[in-house]
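Q: I am attaching a structure below and will ask some questions about it afterwards.
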Amino acid sequence: MKVLLDLQYLNVASTGIKTYMVELAKAARKYPHPEIEWIFTHEPDKQAEDQTYKDLTSKIQKLNYHLDYFRWKEFQLPDMVKKYKPDVLICPDFVSPAASLPCRRMTVIHDAFFWQMPENYPKWWRKYFLNLIKKGLKEDTTLITTTRYSKTSLLEHLGDSLPIEVIYQAPKGMTAALDQKFQGKLGLNIQDYFLHIGTFDKRKNLPLLVESYAAYLKKTQSPKKLVLAGGPGQSKQMNDFPVVQKLVEKLQLQDQVLIPGYLTDGQVKSLYNGAFAYIFPSQNEGFGIPILESMGFGVPVIHSDQPALLEVAHGAGLSFQTGNSEDLTEKMILLETENDLREQLIHLGKARSKDFSSKKFIEAFYELILKPAP
């Protein structure tokens, strides 16, 4: 069987979707199947490094990108289908071509955020993008999503006219060498800081984390710092970066809360390697890759009781009530005072992280690809 994997979106992807696409392509090459021939629309590493549409600022630049994306999905990708005649087309970025195609489609819809949180997106862009998604949901299409929670959410908004399958993804395979000097550059010592890595999107609830951390300091007089790594939210509506900056200043935590920005894989590994705990206070997630990354590094995780995070952690993390600042503070204190609990979470986390390997990721795709039509 021929499987065509659409990797065009890697030229702008910067979050979990990028990890999904890159790890899927890597796993397809690392664990080939004798009955399946993979065809990539782009070379993954080269496409991910393309700077043409990165960090766009003007409306003209953004419009040019959207036109380029539309041309790709509606004209160039269908032409590749005609050329290579695949049995299956996989689109891992929500959108499949609106044109009729002579092959099965597998479209990955990672979450239901566009429907659940419309206030986080520009109106015109959301309407346009949802239209693209819906026009591609046709013919012999299987939807793939990341957790049972996401499947339930998509059923609520899209109905059950198309089959929806859950495939657990693999976390990012960070092969870069650990940056031995990075912790020192930030003035950090081993296990003297709480960590969060990701964009400053509103749904991440990072202002709540800062408030909880401030309360934790008052109650414990602890020297532990808080590191918030990552860049601004992906749009004005979604971006909480300035909110967090102002809150840090208001609470006079400039020396305790470190915001180092985007990091290399080597720097990320350095932070994971020395963190006391990882905190994931998100209001809504489709999956939650940092939970698995942290657990793989032997870092205990405190996470909100948001359904997808509970599903991924599966009891190997310490949960708090979503949006409850006081509860989060108490869990931070509990982890510091109960060393046995911390050791137990480290042990459970390492075991849980092994359930999400790249081999299991690609084997789930193989099972679906080779599954006979009903």
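Q: Do any helices (runs of 4 or more DSSP H) lying entirely in the stretch 1-87 carry at least 3 residues that are in contact with a Ser or Thr (Cβ under 8 Å, 6 or more places away or on another chain) and among the charged types (D, E, K, R), and which ones are they?
A: Correct list: 16-30.
Q: Next question. Of the residues Asn131, Asn120, which is in contact with a strand residue (DSSP E or B) (Cβ under 8 Å, 6 or more places away or on another chain) and farther than 22 Å from Trp38 by Cα? So that I can check it myself, show each step before the final result.
A: Working: Asn131 fails: in contact with a strand residue (DSSP E or B) (Cβ under 8 Å, 6 or more places away or on another chain).
Of Asn131, Asn120, the one residue that is in contact with a strand residue (DSSP E or B) (Cβ under 8 Å, 6 or more places away or on another chain) and farther than 22 Å from Trp38 by Cα is Asn120.
Q: In the set Lys82, Lys54, which member is within 19 Å of the chain's Cα centre (by Cα) and without any contact (Cβ under 8 Å) to a residue 60 or more places away in the chain?
A: Exactly one residue qualifies, and that residue is Lys54.
Q: Would you please name the residue that is surrounded by the most Cβ atoms within 10 Å (Cβ to Cβ), looking only at residues in the stretch 291-304 that are closer than 15 Å to Tyr193 by Cβ and not small (Gly, Ala, Ser)?
A: Looking at residues that are closer than 15 Å to Tyr193 by Cβ and not small (Gly, Ala, Ser), I get Val301.
Q: Sticking with this structure for a sec: I need the full set of residues from the stretch 314-352 which are over 19 Å from Leu206 (Cβ atoms), open to solvent by less than 50 Å² (accessible area, probe 1.4 Å) and of a type in the set (Gly, Ala, Ser), in order please.
A: Ala316, Gly349
Q: In addition: Pairs, please: C-beta under 6 Å, at least 6 apart or cross-chain, first residue of a type in the set (A, V, I, L, M) and in the stretch 318-330, second open to solvent by less than 50 Å² (accessible area, probe 1.4 Å) and part of a helix (DSSP H, G or I)?
A: Filtered contacts from the stretch 318-330: Leu318/Lys331; Leu328/Ser212.
Q: Moving on. Name, by its number, the condition in (1) among the polar types (S, T, N, Q); (2) at pLDDT 95 or above; (3) over 30 Å from Trp124 (Cβ atoms) that does not hold for Thr264.
A: That leaves (2) as the condition not met.
Q: Now for a separate question. Would you be able to tell me the number of residues in the stretch 18-65 that are under 24 Å from Lys172 (Cβ atoms), among the basic types (Lys, Arg) and exposed (fewer than 15 other Cβ atoms within 10 Å of the Cβ)?
A: Within the stretch 18-65, residues that are under 24 Å from Lys172 (Cβ atoms), among the basic types (Lys, Arg) and exposed (fewer than 15 other Cβ atoms within 10 Å of the Cβ) number 4.
Q: Of the residues that sit in the stretch 230-240 and are of a type outside the set (Asp, Glu) and buried (at least 19 other Cβ atoms within 10 Å of the Cβ), which one is nearest to Lys331 (Cα to Cα)?
A: Gly230
Q: Another question, then. In the stretch 109-124, which residues are under 21 Å from the mean Cα position of the chain (by Cα) and part of a helix (DSSP H, G or I)?
A: Phe113, Phe114, Trp115, Gln116, Pro118, Glu119, Asn120
Q: With the structure loaded, tell me whether Asp79 is exposed (fewer than 14 other Cβ atoms within 10 Å of the Cβ), within 27 Å of Lys2 (Cα to Cα) and out of contact with any His (no Cβ under 8 Å at 6 or more places or on another chain) or whether it fails that test.
A: The answer is yes for Asp79.
Q: Given the stretch 138-227, what helices (runs of 4 or more DSSP H) lie entirely inside it while holding 1 or more residues that are open to solvent by 60 Å² or more (accessible area, probe 1.4 Å), in contact (Cβ under 8 Å) with a residue 24 or more places away in the chain and over 20 Å from Asn273 (Cα atoms)?
A: 148-158, 206-220
Q: Hey, Pro372 hits all of (1) of a type outside the set (D, E, K, R); (2) outside any helix (DSSP H, G or I); (3) crowded, with 17+ Cβ neighbours inside 10 Å but one; which does it fall short on?
A: In the conditions (1) of a type outside the set (D, E, K, R); (2) outside any helix (DSSP H, G or I); (3) crowded, with 17+ Cβ neighbours inside 10 Å, Pro372 misses (3) alone.
Q: Now for a separate question. Tell me the residue from Ser235, Ser270 that is in a helix (DSSP H, G or I), small (Gly, Ala, Ser) and in contact with a Phe, Trp or Tyr (Cβ under 7 Å, 6 or more places away or on another chain), please.
A: Criteria check complete, one pass: Ser270.
Q: Condition (residue is exposed (fewer than 15 other Cβ atoms within 10 Å of the Cβ) and either in contact (Cβ under 8 Å) with a residue 12 or more places away in the chain or part of a loop (DSSP other than H, G, I, E, B) (or both)) applied to the stretch 93-100: is it met by at least one residue? Talk me through it step by step, then tell me what you get.
A: Start the filter on the stretch 93-100 by keeping residues that are exposed (fewer than 15 other Cβ atoms within 10 Å of the Cβ), which leaves 100.
Next cut, either in contact (Cβ under 8 Å) with a residue 12 or more places away in the chain or part of a loop (DSSP other than H, G, I, E, B) (or both) only: 100.
Looking for residues that are exposed (fewer than 15 other Cβ atoms within 10 Å of the Cβ) and either in contact (Cβ under 8 Å) with a residue 12 or more places away in the chain or part of a loop (DSSP other than H, G, I, E, B) (or both), one finds at least one in the stretch 93-100, hence yes.
Q: Hey, can you tell me all the residues within the stretch 241-258 that are open to solvent by 40 Å² or more (accessible area, probe 1.4 Å) and either in contact with a strand residue (DSSP E or B) (Cβ under 9 Å, 6 or more places away or on another chain) or not in a loop (DSSP other than H, G, I, E, B) (or both)?
A: Once the filter is applied, which keeps residues that are open to solvent by 40 Å² or more (accessible area, probe 1.4 Å) and either in contact with a strand residue (DSSP E or B) (Cβ under 9 Å, 6 or more places away or on another chain) or not in a loop (DSSP other than H, G, I, E, B) (or both), the stretch 241-258 yields Phe241, Pro242, Val243, Gln245, Lys246, Glu249, Lys250, Leu251, Asp255, Gln256.
The values are calculated or read from the model by the stated rules, or taken from the named source; none is laboratory data. Since we're looking at a predicted model, the values are computed, not measured. Neighbour counts run over all protein chains shown; Cβ positions are idealised from the backbone, glycine included. Just so you know, the surface numbers come from the protein's heavy atoms only, side chains and all, with ligands and any DNA or RNA stripped out. Shrake-Rupley method; radii C 1.70, N 1.55, O 1.52, S 1.80 Å.
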